[in-house]
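Contents: one structure, followed by commentary.
The values are calculated or read from the model by the stated rules, or taken from the named source; none is laboratory data. The structure displayed is predicted, hence computed values, not measured ones. Glycine gets a Cβ as well: all are built from the backbone with ideal geometry, and neighbour counts include every protein chain shown.
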Amino acid sequence: MSADLGNDLQRAAAAVHSGALIAYATEGVFGLGCDPLNSLALEKLLSLKQRDASKGLIVIASTRAQLEPFITPISDTIEAKLRASWPGPVTWILPCRTDAVPPLLIGGFSTIAARVSAHPVTAALCDACGHALVSTSANISGQPACTSADQVARFFADDLAYILDPPVGELNGPTPIFDGVTGQQLR
């Protein structure tokens with residue numbers, strides 16, 4: 001299989017629904033993604049990235065509502081932090097509904113990394129899918145993340161069903177990650 005490259009949100013969404021892996025631009029780098037509730041797709045993604053399964057993955061959405069299946073009720077303090085930074089290029093570590101998600105999604109944690117994206121194509125992709133997506137940088141773990149569709153195709157085309165090809169956002173690199181409870185920046 002060699003990934004098609006283009007701007008067809010419906011083809012990308014269909015690939016996600018079939019259990020395949022895709023790539024797409026985010027706020028600062030290209031991301032690899034799949035259905036966050038599909039354990040087989042998560043296994044393929046972790047294997048492709050050579051990523052330690054105990055680290056967990058980020059879930060990206062177009063709206064806060066798309067994250068509800070993953071997040072337990074949170075305090076007003078945390079909610080205020082989310083409202084102040086979403087949609088936007090900020091990922092938060094939040095308490096997770098661990099009984100409702102595949103263990104590979106959250107690694108060894110009871111929390112989940114989540115973001116409501118301000119990237120218009122990424123948000124439209126989540127809407128086309130009808131749910132949040134996994135979003136992990138398009139790279140082999142420990143290597144620099146891809147910043148163009150051509151780079152993604154060079155490294156991963158044989159393992160992806162589709163590469164959505166808009167430009168990345170204005171952020172220089174992956175999004176910062178903050179702990180929702182402490183506010184501490186983790187990346």
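Filtered by the rule that a residue be under 11 Å from Ala128 (Cα atoms) and of a type in the set (Val, Ile, Thr), region 1-22 gives a lone residue, Val16. Cβ separations smaller than 8 Å between residues 6+ apart or across chains give the following pairs from region 91-105 residues that are under 14 Å from Glu43 (Cα atoms) to residues that are outside any strand (DSSP E or B) and among the polar types (S, T, N, Q): Pro102/Asn38; Pro102/Ser39; Leu104/Ser39. Scan region 146-173 for residues that are farther than 23 Å from Asn38 by Cβ, in a loop (DSSP other than H, G, I, E, B) and not hydroxyl-bearing (Ser, Thr, Tyr) and the total you get is 9. Every condition in (1) farther than 27 Å from Pro95 by Cα; (2) modelled with pLDDT under 95; (3) not small (Gly, Ala, Ser) holds for Leu164 except the one numbered (2). Given the structure, is Leu21 in contact with a Ser or Thr (Cβ under 8 Å, 6 or more places away or on another chain), of a type outside the set (Gly, Ala, Ser) and more than 19 Å from His119 (Cα to Cα)? Against the criterion (in contact with a Ser or Thr (Cβ under 8 Å, 6 or more places away or on another chain), of a type outside the set (Gly, Ala, Ser) and more than 19 Å from His119 (Cα to Cα)), Leu21 does not qualify.
Please find, within region 49-62, the residue that is farthest from Ala20 (Cα to Cα) out of those that are in contact (Cβ under 8 Å) with a residue 60 or more places away in the chain and surrounded by fewer than 18 Cβ atoms within 10 Å (Cβ to Cβ). Step by step, filter region 49-62, then rank; the result is Asp52.
If you check Asp158, Asp127 for being surrounded by fewer than 21 Cβ atoms within 10 Å (Cβ to Cβ) and over 15 Å from the mean Cα position of the chain (by Cα), only one passes: Asp158.
May I ask you to list the residues in region 94-106 that are farther than 12 Å from Ala53 by Cβ and surrounded by fewer than 17 Cβ atoms within 10 Å (Cβ to Cβ)? Before you say what the answer is, go through the steps one by one.
Looking only at region 94-106, we keep the residues that are farther than 12 Å from Ala53 by Cβ, and these are 94-101.
Answer for region 94-106, where residues must be farther than 12 Å from Ala53 by Cβ and surrounded by fewer than 17 Cβ atoms within 10 Å (Cβ to Cβ): Arg97, Thr98, Asp99, Ala100.
Scan region 132-147 and give yes if some residue there is in contact with a strand residue (DSSP E or B) (Cβ under 6 Å, 6 or more places away or on another chain), crowded, with 22+ Cβ neighbours inside 10 Å, at pLDDT 95 or above and over 16 Å from Phe30 (Cα atoms), otherwise no. Yes, region 132-147 contains a residue that is in contact with a strand residue (DSSP E or B) (Cβ under 6 Å, 6 or more places away or on another chain), crowded, with 22+ Cβ neighbours inside 10 Å, at pLDDT 95 or above and over 16 Å from Phe30 (Cα atoms).
Contact map, region 176-187: first residue β-branched (Val, Ile, Thr), second residue surrounded by 10 or more Cβ atoms within 10 Å (Cβ to Cβ) and in a loop (DSSP other than H, G, I, E, B), Cβ cut-off under 6 Å, separation 6 or more or different chains; pairs are Ile177/Leu186; Ile177/Arg187.
Please enumerate the residues belonging to region 107-124 that are polar (S, T, N, Q) and either crowded, with 19+ Cβ neighbours inside 10 Å or farther than 19 Å from Ala53 by Cα (or both).
First pass over region 107-124, keeping only residues polar (S, T, N, Q): 110-111, 117, 122.
Thr111, Ser117, Thr122 - these are the residues of region 107-124 that are polar (S, T, N, Q) and either crowded, with 19+ Cβ neighbours inside 10 Å or farther than 19 Å from Ala53 by Cα (or both).
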